[in-house]
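A short worksheet on the structure shown next.
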Number of protein chains: 4
Amino acid sequence: MVGQKLKVAIAGLGRMGARHAMHFYGLTPRADLIAASSPEQKELDWAAEALVGTRTYLDYDEMLRTEIKNGLQAVVIASATAVHAEQAIKAIKLGLHVLCEKPLSTNAEISQSVVTAYRESQKTHPSQKVICGFSRRFDASYRDAHEKMTAGLIGTPSVFRSQTCDKLDPSGFFVAYAEFSGGIFVDCSIHDIDLALWFFGEDSKVKSVSAVGITAVEPDLRKFNDRDNAVAVIEFYNGKIAQLYCSRMMAAGQEDTSEIIGTKGKLSINMQPQTNLVNIYENSGVRREIPPHYYGRFRDAFIQEANEFTACCLDDTEPPMRLEGAVNAVRIGQALQESLLSGKRIDFDEAGNRLEEPIRARL
Amino acid sequence: MVGQKLKVAIAGLGRMGARHAMHFYGLTPRADLIAASSPEQKELDWAAEALVGTRTYLDYDEMLRTEIKNGLQAVVIASATAVHAEQAIKAIKLGLHVLCEKPLSTNAEISQSVVTAYRESQKTHPSQKVICGFSRRFDASYRDAHEKMTAGLIGTPSVFRSQTCDKLDPSGFFVAYAEFSGGIFVDCSIHDIDLALWFFGEDSKVKSVSAVGITAVEPDLRKFNDRDNAVAVIEFYNGKIAQLYCSRMMAAGQEDTSEIIGTKGKLSINMQPQTNLVNIYENSGVRREIPPHYYGRFRDAFIQEANEFTACCLDDTEPPMRLEGAVNAVRIGQALQESLLSGKRIDFDEAGNRLEEPIRARL
Amino acid sequence: MVGQKLKVAIAGLGRMGARHAMHFYGLTPRADLIAASSPEQKELDWAAEALVGTRTYLDYDEMLRTEIKNGLQAVVIASATAVHAEQAIKAIKLGLHVLCEKPLSTNAEISQSVVTAYRESQKTHPSQKVICGFSRRFDASYRDAHEKMTAGLIGTPSVFRSQTCDKLDPSGFFVAYAEFSGGIFVDCSIHDIDLALWFFGEDSKVKSVSAVGITAVEPDLRKFNDRDNAVAVIEFYNGKIAQLYCSRMMAAGQEDTSEIIGTKGKLSINMQPQTNLVNIYENSGVRREIPPHYYGRFRDAFIQEANEFTACCLDDTEPPMRLEGAVNAVRIGQALQESLLSGKRIDFDEAGNRLEEPIRARL
Amino acid sequence: MVGQKLKVAIAGLGRMGARHAMHFYGLTPRADLIAASSPEQKELDWAAEALVGTRTYLDYDEMLRTEIKNGLQAVVIASATAVHAEQAIKAIKLGLHVLCEKPLSTNAEISQSVVTAYRESQKTHPSQKVICGFSRRFDASYRDAHEKMTAGLIGTPSVFRSQTCDKLDPSGFFVAYAEFSGGIFVDCSIHDIDLALWFFGEDSKVKSVSAVGITAVEPDLRKFNDRDNAVAVIEFYNGKIAQLYCSRMMAAGQEDTSEIIGTKGKLSINMQPQTNLVNIYENSGVRREIPPHYYGRFRDAFIQEANEFTACCLDDTEPPMRLEGAVNAVRIGQALQESLLSGKRIDFDEAGNRLEEPIRARL
């Protein structure tokens, strides 16, 4: 009953895929989820029950072929990271709108190929929208902070400190996962990198990156060139710094916090993580719980993302972010991962080319 | 596309009515908002634009007559409090499900007449659901606290302290509003009273009530037998106490907080109000904003309410609360309002009858 | 080496007495603790070791007689409440300065007799200082709040909400203690009453008091006409209200919090109790500890009290508070305790006389 | 009257010197401040009034010569950093106990000369105590965190994150000061470095250091090879990392916070800075103030330091920290300052020697 609706299909019904599906199915009034694909039959079985009326496919290509005849307008890609780029490009070439889960790829060049395909396709489909979902940009608190900064509340933003820290998964699943994740900076810190670019300006140019890490709980991560705790610094040519921390080892829950320090003030986001507004007073003190997972913290942001993506497709308005930024973030994440392993700072000139030797002036 | 949907009409499109309408229109996947009524043409004009496809009526009775033929199943009553009971009873007599905004009436007897109509109608419509929306019962934090209490985390709950405090409206609108609101205890503290009954047990019997109030900012409230700040105590026969505070005078925003103190611990809800997770560091210190209105604090709870009401109607499951509680809360609120004016504590026997003289044993 | 020092003796070396002794001994540079008395030999033995050089006495009178020859100038009374008044009066009649622990007496008339003795003695000893130690008035946070209020930050203060809540002592010692404590309002809430008078103005006139209480953990308290949880309201003739809560049942520690609500803002004190600045992140969430006892919260205030008392004696400046206030607080505490038992509100005329029947105008 | 007292002289009566003097004069019961020196007559004039009875000297050497005859036992060095080492060594050679303000010197070699002098002197004065005052080690919150960590509460400590961030001084005094401060890492982060060594173990060996900085508000700092905001990483050979942030640009006040992240939990210190327990509710939200200066945050720690130093001298007990640590902290701070300027990471072998080229294994 909500005017004309956007006809949406989703690729991937795993943990995040199922959530995206539910958001488009029941929490995005202007969208109509008409189809879903997954290579796993049991995920399709789940969809049959949870997403009544949605057509299901084991094969992504077949879904596209069939549903395009049913008026399919947009595809949400929430499948395994390894196929993000390929699936996105297929949909792009059909002129469909695309919302792709982050990252486009763990590889910057492959990520760039999605952007290239999009910009090419736009020549014939000028209203086409393709975005990579950096969920935090849709979070009410980050937005409020960004607006306050833009309004001048903290003067010139100069230092950005941010962390993405997962609750320790005692099953150690993240070790096996590390083989394909691109490493902790591409998997976790990518959010903080994207935020740094958002707060400092998308056109900020990286001057250097450096990183250091340890394996405090899972030495096996070294097999996949990964670490369970790492810290990093990104210098920008506009005289700004981002300082990052990422971890797989939080005891209490997901701790994703950020600070933007300006010449006249500071904005902090989530410095006191909390699940809700309850405090528990007991013999050992006063306690509050904090969300165990990323989704617990950012569920509302994901729903907002679904609604805004839908709106920009239907209304042909500016997408909430430019796709190029997603490539930039992966590029920086990859460089940090390399620095983490090599023990070397990596320097760039203002055109973005790597410098073999630092050319930094002494003062 | 979400299976069979509940066909819902809404009565009233004022401030809260429009919000309820939006919730059922776009944020309740299993509901289909088919009609809306309001005596104000400009509200219907708004609906025509915001609720595309919803049929609109200037007359509530006509809406019922017409829509019942279109398969109407449920009515949401969000009109002026004065017509809540009458509209609810009309819908009840037609066998429709009803979600009525609080209070059923500012008068306990009239409130009771809604319950009576419902219980009578149920004889022929055993699956009919009628609830009065006490939104806080759908709030994630209150629910978490209630679950923790029920699980025994704080031993025996003994003292309930709660407040409903509105941000000062400098326009003074609340003075004119006081003529019809039933007074600050019926209008604001009704939530805290309902929560006390929920946390202490719906069958808790009131032993005494007493209240005191002042007019710190709006002496004109006295014309309508109201106050802008008031405090109250409710004693229960099970050895429990509720201590309440209500105000129209908060500077920073809506401050609705509660504490449940048990023999082994305490649970607090919202003791540190906040709009979001942002903190602002500036020359005068560290600051956070807090929601300016009740809706800013409880929006998610209202949406949850819409979804749960819809689900219990469609699935014929137990409603989330019993309608009788809504009468009980008004009865207590009215007694508090009386005590506020008379300066006298009002005592009750265990059957709920008023005692002219306190019969409390000296020890 | 700190200029001329005030020669001080202390009466009572129990829990609080020993603390006061240590404050005057080592943390009050301008004071010289020269003597201490206690009826308990083992406390004197402790003093011999901890207060090297301080002369000790089993008998208070003997201490006064002897030390006055040694130049004794001031007496700190930290003995059992039952002898506060008697010991204070003896010292007053000798022209000595007196700092008496609260309360002067659990009985308002006896408390008044100390004031009478003081004002009489002042005729011949115009520089004599006698104060009753309401420690919270020396607390940095309460002072900051009071200054901000006085500076107009919150407009006209209208509602004062305050609590004194002890950590549950599982030994149940407080039951036996209740026989002599004067009851929970005289023992605990006396602080909140004093604060109400401080924040609302010492000359605020009580219009009514009422109280209700329960025995949630210690029914035996009823033998001594006491309760373990109680709530109260004090109405003042200047259109202000104080709402109090006191408890012996806190799980997490001492929770003494206050709020002053004015027509333009609010000040809160200690709404988030904490022992220090440490937070503990562990599997069950984020936790902070809170002080287990009153002293843990207010140690610095007691030290400040010792130093300010010393300074006003040496410099002949205005004492930090008037002694009359201590009587007023006990009088209100006693009335609340009576209301707690009788189940009746107690009303007063503007001259402070009790009214048998409320004469409150209906509107 | 507190048993035998330690006879103490102080060198330097500037801002921090005057505070130390007051602590030893009036807040350290077991100490007797007998003399003070300063090259500034007006500071001696202040002392004559504030430190009644303390002998004053324009010349440090003369103070030592004269007071040693009066039984001088200990010297507190709170003069300009440039003369710390020289004054300390003179006192050490006389067999006096020494409490030297941090740093011993901004130069690691000079710092080491103090240690060498001390260890040499101890051969003939085995009870001599010399410490460098790292005040945070005396702070109740840091101590509580250290004890909890030592008790195993967080498993193996792995990542230490810490910051020393000053409130922006709009006078820009810190620019001129930078000429002599040793740079922001030696002046500010030295505390965080010392804490890292304390929490990770004094024998932790540095593997690498790297730093990056900007001049966001005071470009003139570059003249003195300094920055106003800088970030750093210290890697240790035991698989631990410290991540630091220092700034001269905080809007709200002094923000010194730390986190110790272990394999089973995390401890945070002062993540929510505050001056006291007051919150201010006003139209713009809820606000709390935070201390404007380092001393506002750590006053109690300084007093504790004075008392513990005094106690270890009088009782011939182990000093609260080893002097060698102070050299280690300066050495790391200097290396960070070098890295800040050179743009290069500096690597060390396990014996503490610098490596020209990183030898880090690839995995």
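The values are calculated or read from the model by the stated rules, or taken from the named source; none is laboratory data. Because the structure is a prediction, the values reported are computed rather than measured. Here the Cβ positions follow ideal geometry from the backbone for every residue, glycine too, while neighbour counts run over all protein chains shown. All accessible areas refer to the heavy atoms of the entire protein, side chains included, with ligands and DNA or RNA removed. Shrake-Rupley method; radii C 1.70, N 1.55, O 1.52, S 1.80 Å.
Observations, loosely collected:
- Dipole magnitude for region D:98-243: computed about the Cα centre from +1 point charges on Lys and Arg Cβ and -1 point charges on Asp and Glu Cβ, it is near 460 debye.
- Relative contact order [Cα under 8 Å, 6+ residues apart], region C:25-152, whole percent: 17 percent
- Cβ-placed point charges (K, R +1; D, E -1), dipole of the protein assembly as shown about Cα centre in debye, nearest 20: 0 debye
- Counting only alpha carbon atoms, the long axis of helix B:15-26 and the longest principal axis of chain B meet at about 50°.
- Under 18 Å from the Cα of D:Lys123 - aspartates and glutamates, other chains or at least 8 residues apart: D:Asp316, D:Glu318, D:Glu324
- 222 nm mean residue ellipticity, helices alone, for the protein assembly as shown (DSSP H n ≥ 4; -39,500 (n - 2.57); rounded to 500): -11500 deg cm²/dmol
- For region A:100-105, 3J(HN,Hα) computed residue by residue from phi via the Karplus equation (6.51, -1.76, 1.60; θ = phi - 60°) reads 10, 4, 6, x, 4, 6 Hz, glycine and proline entered as x.
- Per residue, the Cα convex hull of region C:158-271 amounts to 94 Å³.
- Copy-to-copy label distances for A:Ser171, where each label lies 7 Å from Cα along Cα-to-Cβ, are 5.0, 5.4, 6.1 nm in order of increasing length.
- Sequence-separation-based contact order of region D:87-185, relative, with Cα cut under 8 Å and 6+ spacing, percent: 26 percent
- Taking chain A and dividing mean pair separation by its residue count, relative contact order in percent (alpha carbons under 8 Å, at least six apart): 19 percent
- Net dipole in debye of region B:61-117 [+1 Lys, Arg Cβ; -1 Asp, Glu Cβ; about Cα centre; nearest 20]: 140 debye
- Summed over both chains, the contact between A and B buries some 3000 Å² of accessible surface at a probe radius of 1.4 Å.
- Counting only other chain Cβ atoms within 10 Å of each residue's Cβ, the peptide A:285-293 averages 6.
- Percent breakdown of C-alpha pair distances by 5 Å bin, ordered from the shortest bin, for region D:6-133: 2, 12, 24, 25, 20, 12, 4, 1, 0
- Percent of C-alpha pairs per 5 Å bin in region D:22-91, short distances first: 3, 16, 27, 28, 21, 5, 0.
- With DNA, RNA and ligands ignored, accessible area of A:Trp198 (1.4 Å probe; Å², nearest 10): 50 Å²
- By accessible area, using a 1.4 Å probe on protein heavy atoms only, the protein assembly as shown has 51% of its surface on carbon and sulfur.
- Backbone HN-Hα couplings from phi across region D:228-237 [Karplus 6.51/-1.76/1.60, Hz, Gly and Pro as x]: 9, 9, 8, 10, 8, 10, 10, 9, 10, 6
- Solvent-accessible area of B:Arg143, all protein chains in place: 60 Å² (probe radius 1.4 Å, heavy atoms, ligands and nucleic acids excluded).
- Extension gain for the segment B:Arg322 to B:Leu94, taken as residue separation times 0.36 nm less the Cα-Cα distance, is 80.1 nm to one decimal.
- For the pair A:His125 and D:Ser342, label points projected 7 Å from Cα toward Cβ lie 5.4 nm apart.
- Taken per residue, the accessible surface of chain D reaches 36 Å², heavy atoms only and a 1.4 Å probe.
- Under 16 Å from B:Lys93, Cα to Cα: aspartates and glutamates that are on another chain or at least 8 residues apart: B:Asp61, B:Glu62, B:Glu67, B:Glu120
- Shortest-first distances to equivalent copies, position D:Asp203, nm, label 7 Å out along Cβ: 5.7, 6.8, 7.2
- Taking 20 Å as the straight-line reach from the Cα of D:Lys5, the lysines in range (excluding those fewer than 8 positions away in the same chain) are C:Lys5, C:Lys7, D:Lys69, D:Lys129.
- Between copies, D:Asn238 shows label-point distances of 4.2, 5.4, 6.0 nm, shortest first, with the point placed 7 angstrom from Cα along Cα to C-beta.
- Semi-axis lengths, Å, chain C, gyration tensor of Cα atoms, sqrt of 5 times eigenvalues: 33, 25, 22
- Chain B residue nearest the axis that carries B onto D, by Cβ, with distance in whole Å, is B:Arg287, 2.
- Ranking by accessible area, most exposed first, for C:Glu179, C:Glu308 with a 1.4 Å probe: C:Glu179, C:Glu308
- Cβ crowding within 10 Å averaged over residues, with B:328-338, C:316-326, C:118-128 ranked highest first: B:328-338, C:316-326, C:118-128
- The mean number of partner chain beta-carbon atoms within 10 angstrom of a residue's beta-carbon across peptide D:243-255 is 6.
- Above-threshold pairs, the threshold being 26 Å between Cα atoms, out of B:Lys205/C:Lys207; B:Lys102/C:Lys344; A:Lys102/A:Lys167; B:Lys102/B:Lys167: B:Lys205/C:Lys207; B:Lys102/C:Lys344
- Accessible area per residue was computed with a 1.4 Å probe on protein heavy atoms; B:Ile290 scores about 10 Å².
- With a 10 Å cut-off around each Cβ of B:256-265, the average count of Cβ atoms from other chains is 5.
- Isotropic mean projected area of the C-alpha convex hull, the protein assembly as shown (nm²): 55.8 nm²
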